[in-house]
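Taking it in order: structure first as structure tokens, then the write-up.
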Amino acid sequence: MSLKTDSLWDPIEKMPLDEIFAKDQILLNEQLIYSLSRSRFYQTKYQKAGIRSDEILSGEIPLDRLPFTEKSEILDDQRDNPPYGNNLCVPMEEVSRIHRTSGYSGNPYLILLTQKDIDVTLEAGARMFWCAGVRPDDVVVHCLNYNFWIGGITDHLSLERTGAAVIPFGVGNTRALIDLFLKLKPSGISCTPSYLSKIEKVLLEDFHLKPGDLHIKKGIFGGEPGIQSARFRNSIEEKWGMKAIDANFGVSDILSAFGSECEFRTGLHFHGQNIIFPELIDPSTETVIEIKKGAVGEMVYTSLLKEAQPLIRFRSHDLTEILDVSRCACGRTGFKFRILGRSDEMIVIKGINVFPSAFGEVISRYPDLLSGEYQIILMGKSPYDHIHLLVEHGKDVSAEKMQNILVDDIKTRLSIHAVVELVPFGRIGRSDGKTKRIVFNDKPTE
């Protein structure tokens, strides 16, 4: 366990950036040598790209000259070389755990971890949750999926590493979850933001209680956008009486968790120092952009310590804004960022590019009138003429008046025409995990 202080989990979090970068370069060279000596996937990939191994090992070719790695390549490799592909760099007797990511065209990417890989992952997770305010005297109910997916058990163990007590509840059976809160009175909940809406619905219908009656002090959220909206966050805090923290960002392919807010809540801190190497690129030209305040681009990550399946220049397709690179008031030096959306989820409507989260930001402007739940229904094929937006209103709200307000607000803020349909509170099905916001060519999911 790291030598933590009251505010910092690891001294590296306050180190000058040039010292972190110097250590990153040493680890990067070691990781490249390791990968090229053990990974048939990268040996073949670089050979096809006309890059000699000795050029990389001698440092003659800088990192930005190496080709990117796409998730589709890894999936194709695991399909063609089942079950784990040619990027497995250790014998199976050294593998301690096997996970999968979310599906890509229906197929998951299988993630293998050695014990060292697990320890490194949990260390980053502990930095993240400690930054978010989790402490040894907390009792946290963890409500993410514990199945094959990497996030559930990894987040649980990362929370434990901070010293907090963790209740492994998982997903499903919201009524039992409420019973647990009423009996054990835990101080925190770890879940997706949208799950609060489902808890609220069951609280009202089955217990005749309000969210504040559960006396939750800390909300540790991840897995979905939205919590960065001040209006949405404020509505949660007022309704639930908790401190809502954006505390759980990660890219499961490369590192399960490495982004969270500190107590000042001015953006996600990067917690992958000396574990993953970040680059920012222009997704249209694929050129590297300097990580500086105000820069916007796609994040690319390279493993620095991975044993089982190192990834070199892995494209996340997360469009990211760098909010600050100076030392934060909390003492951390890692850059702060926010996710704008995913390039593979971008919707084109009459030539205008928009991300699903943009509609959520508009809806979150009316926390007293709308529940925050919505679905985007896309008819036909891209580019679309318009979208059909299903929005759930609160109680005692004029649906027609609110509908007109939303149509005008979306037109003003996003320059997009939306057909808005307001439905009663509870009409849109709640999710135990990540909410499916986009529905294609059919009726909305319930």
- prompt: In region 355-375, what count of residues is obtained for those that are β-branched (Val, Ile, Thr) and either surrounded by fewer than 16 Cβ atoms within 10 Å (Cβ to Cβ) or out of contact with any helix residue (DSSP H, G or I) (no Cβ under 6 Å at 6 or more places or on another chain) (or both)?
  reply: 1
message: Can you find a residue that is touching a residue at least 60 places away in the same chain (Cβ under 8 Å) and under 25 Å from residue 280 (Cβ atoms) anywhere in region 45-59?
response: no
task: With the condition kept exactly as written, say whether any residue in region 137-155 is over 24 Å from the mean Cα position of the chain (by Cα) and not aliphatic (A, V, I, L, M).
output: yes
- prompt: Is it true that some residue in region 424-444 is assigned to a strand (DSSP E or B), at pLDDT 85 or above and in contact with a Pro (Cβ under 9 Å, 6 or more places away or on another chain)?
  reply: no
message: Is it the case, given these coordinates, that residue 315 is surrounded by fewer than 19 Cβ atoms within 10 Å (Cβ to Cβ) and either in contact with a helix residue (DSSP H, G or I) (Cβ under 9 Å, 6 or more places away or on another chain) or acidic (Asp, Glu) (or both)?
response: no
- prompt: Among 109, 195, which is the only one that is hydroxyl-bearing (Ser, Thr, Tyr), in contact with a helix residue (DSSP H, G or I) (Cβ under 9 Å, 6 or more places away or on another chain) and not assigned by TED's automatic domain parsing to the domain that holds residue 84?
  reply: 195
query: What residue, among those in region 264-281 that are among the β-branched types (Val, Ile, Thr) and not in a loop (DSSP other than H, G, I, E, B), is farthest from residue 300 (Cα to Cα)?
result: 276
message: For region 128-153: of the residues being part of a helix (DSSP H, G or I) and touching a Lys or Arg at 6+ places or on another chain (Cβ under 9 Å), which is nearest to residue 330 (Cα to Cα)?
response: 131
query: Can you tell me which residue in region 229-255 is nearest to residue 78 (Cα to Cα), limited to those that are under 17 Å from the mean Cα position of the chain (by Cα) and of a type in the set (A, V, I, L, M)?
result: 254
Meets criteria (within 30 Å of residue 328 (Cα to Cα), out of contact with any Asp or Glu (no Cβ under 8 Å at 6 or more places or on another chain) and in a loop (DSSP other than H, G, I, E, B)) for residue 27: no
- request: Go through region 144-161 and count every residue that is in contact with an Asp or Glu (Cβ under 8 Å, 6 or more places away or on another chain) and modelled with pLDDT of 95 or more.
  value: 1
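The values are calculated or read from the model by the stated rules, or taken from the named source; none is laboratory data. Source: prediction; values computed, not measured. FYI the Cβ positions are ideal-geometry reconstructions off the backbone, even for glycines, and counts take in every protein chain you see.
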